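Here is the structure we will look at, set down as structure tokens.
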Amino acid sequence: ASGKSHLWQFSLVFFPFGQDPFSVLMLIFLFALAEEKAREAESKARALELRLGGDLTRESRATLRQAQNVAITLRREADVKKRMKDAKQQALKEPKELNFIFGVNIEERYLDGMFIYNCSRLIKMYEKVGPQLEGGMACGGVVGVVDVPYLVLEPTHNKQDFADAKEYRHLLRAMGEHLVQYWKDIEIAQKGISKFWDDFGYLSAKWHQPPSNELRYKRRRAMEIPTTIQCDMCLKWRTLPFQLSSVEQEYPDSWVCEMNPDAEQDRCDAPEQKQKLPLSVLKKEKSQEDKQKELTEKIRHQQEKLEALQACLGPCAWDFQTLLEVGQVMSFPI
């Protein structure tokens, strides 16, 4: 298996419920305050107009015009704040897409779980989800990464957790479902979990034991994990081609693109190559309850068709072939 076969990306459309409450409430408060000021100014302008009545002196007209301009200005400000409030509330209702990235940690398989970031800041690490919570070998060694936008989940003030515990549990449950799909896609269980880990040098039955340091196992692991180094000059990341001689090679603290054995990436003006991850789709299986509902609906639909057919043909119009077809239509596997 190639290295790419163990690193997959999923997309999830995530519907937030009530996140980012502070900014929304603040906009609602600011709009209410602006609306109150605008109404008060408009009321004062109308009262002044009624009080002046037929007084058309220059000074009276200037005073009235000034009061009306203040009311118009405050009304415009209130309208702007209303549009901002409505846009913010609409943005919270719209679904947000999250990307889940999964891979197998073949260097230290016991260090598995989910790494959850908030706007590129790490909040939670090694969070077990799905089958990993059961402590078995299923989905063991798999690491997941997700970067959650602020609008989806808001962190606490100390940046150590998420403010909405309910939605955070919803996120973990969704990651667990996608983790199960990833585990099916890479087909480790079908080929044999123990054999998979044996190939990388995990010869002990104890899960926390490190892999063997024999050269053949080191090479096997190195083939799956390409060496990636950042250039100290251009700050671009370079993935080095696999070479048997570089399995235990130590790289200098200061590394530049000129040291890259790849002729297409050995200069700083070469564009940085992004790793292309296979994109997978969550395939949800129907529950037994959903299957039963679907079966009941099919039976009801066929019964309605048969009743309509019987009404058209009459009670005496049934022959053997019709009864046989009815029997076939009404035969559903449970």
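The values are calculated or read from the model by the stated rules, or taken from the named source; none is laboratory data. Given the structure is predicted, the values throughout are model-derived calculations rather than measurements. Here the Cβ positions follow ideal geometry from the backbone for every residue, glycine too, while neighbour counts run over all protein chains shown. Only protein heavy atoms, including side chains, enter the accessible area calculation; ligands, DNA and RNA are left aside. Shrake-Rupley method; radii C 1.70, N 1.55, O 1.52, S 1.80 Å.
Which entry in (i) 102, 93, 38; (ii) 51, 51, 39; (iii) 91, 63, 38 is this structure's computed Cα extents along the principal axes in Å?
The value computed from this structure is option (i).
Sort HIS301, HIS178 by accessible area with a 1.4 Å probe, largest first.
Descending accessible area places them as HIS301, HIS178.
Just the number, please: carbon plus sulfur as a percent of the accessible area of the chain, 1.4 Å probe, no ligands or DNA/RNA counted.
55
Between ASP290 and ASN99, what FRET efficiency follows from the Cβ-Cβ distance if R0 is 35 Å, with the result rounded to 0.05?
It comes to 0.80.
Could you give me the ³J(HN,Hα) list for the stretch 128-142, computed from phi with Karplus coefficients 6.51, -1.76, 1.60 and θ = phi - 60°, whole Hz, x at Gly and Pro?
7, 9, x, x, 5, 5, 7, x, x, 7, 5, 6, x, x, 8
When a/c reaches 1.5 or more, the comparison of a/b and b/c decides; with that in mind, is the stretch 116-237 rounded, prolate or oblate per its Cα gyration tensor?
oblate
For the stretch 230-305, which trypsin sites (Lys or Arg not before Pro) are in a loop by DSSP, counting at most 11 other Cβ atoms within 10 Å? The partial results should precede the final answer.
Details: sites: LYS236, ARG238, ARG267, LYS274, LYS276, LYS283, LYS284, LYS286, LYS291, LYS293, LYS298, ARG300, LYS305; in loops: LYS236, ARG267, LYS274, LYS276, LYS283, LYS284, LYS286.
Answer by residue number: LYS274, LYS276, LYS283, LYS284, LYS286.
Could you rank the peptides 216-222, 205-211, 127-133 by their average count of other C-beta atoms within 10 Å per residue, with the highest value first?
Those peptides, ordered most packed to least, come out 127-133, 216-222, 205-211.
Please list, in chain and number order, the residues 5+ apart from ASP147 or on another chain whose amide H is under 5 Å from its amide H, with Hs placed from the backbone.
For ASP147, the qualifying residues are ASN99, TYR117.
Please list, ordered by chain and number, the residues whose modelled amide H lies under 5 Å from the amide H of PHE162; skip anything fewer than 5 residues away on the same chain.
Counting only residues 5 or more places away or on other chains, the set is THR156.
Between GLU107 and TRP255, what is 0.36 nm times their sequence separation minus the Cα-Cα distance? Round to one decimal in nm.
Answer, rounded to one decimal: 50.9 nm.
Output ³J(HN,Hα) for the stretch 144-154: one whole-Hz value per residue in order, computed from phi by the Karplus curve 6.51 cos²θ - 1.76 cosθ + 1.60 with θ = phi - 60°, and x for Gly and Pro.
x, 9, 9, 10, 9, x, 4, 5, 8, 9, 9
From the phi angles alone, apply the Karplus equation (6.51, -1.76, 1.60; θ = phi - 60°) to the stretch 211-226 and give each ³J(HN,Hα) in whole Hz, x where the residue is Gly or Pro.
Running phi through 6.51 cos²θ - 1.76 cosθ + 1.60 with θ = phi - 60° gives x, 5, 9, 4, 4, 5, 6, 4, 5, 4, 5, 5, 5, 8, 10, x Hz.
Looking only at the stretch 139-183, which residues have a backbone nitrogen under 16 Å from a spot 7 Å from the Cα of LEU25 in the C-beta direction?
154-157, 163-165, by backbone N distance to the label point.
Can you work out the FRET efficiency for the pair ARG76 and ASP147, with r the C-beta to C-beta distance and R0 = 56 Å, to the nearest 0.05?
Details: r = 38 Å, r/R0 = 0.69.
E(calc), rounded to 0.05, equals 0.90.
Taking a 18 Å limit on the Cα-Cα distance, which of the listed pairs LYS184/LYS283; LYS88/LYS159; LYS184/LYS276 fall beyond it?
LYS88/LYS159; LYS184/LYS276
Where does each of GLU307, GLU40 land when they are ordered by accessible area, with a 1.4 Å probe and the largest first?
The ordering from most to least exposed comes out as GLU307, GLU40.
Kindly state, to the nearest 0.05, the FRET efficiency for LEU279 paired with LYS195, given R0 = 35 Å and r defined as their beta-carbon distance.
0.80
Can you check what the net charge comes to around GLY140, using other residues whose Cβ is under 9 Å from the Cβ of GLY140 (Lys, Arg +1; Asp, Glu -1)?
0
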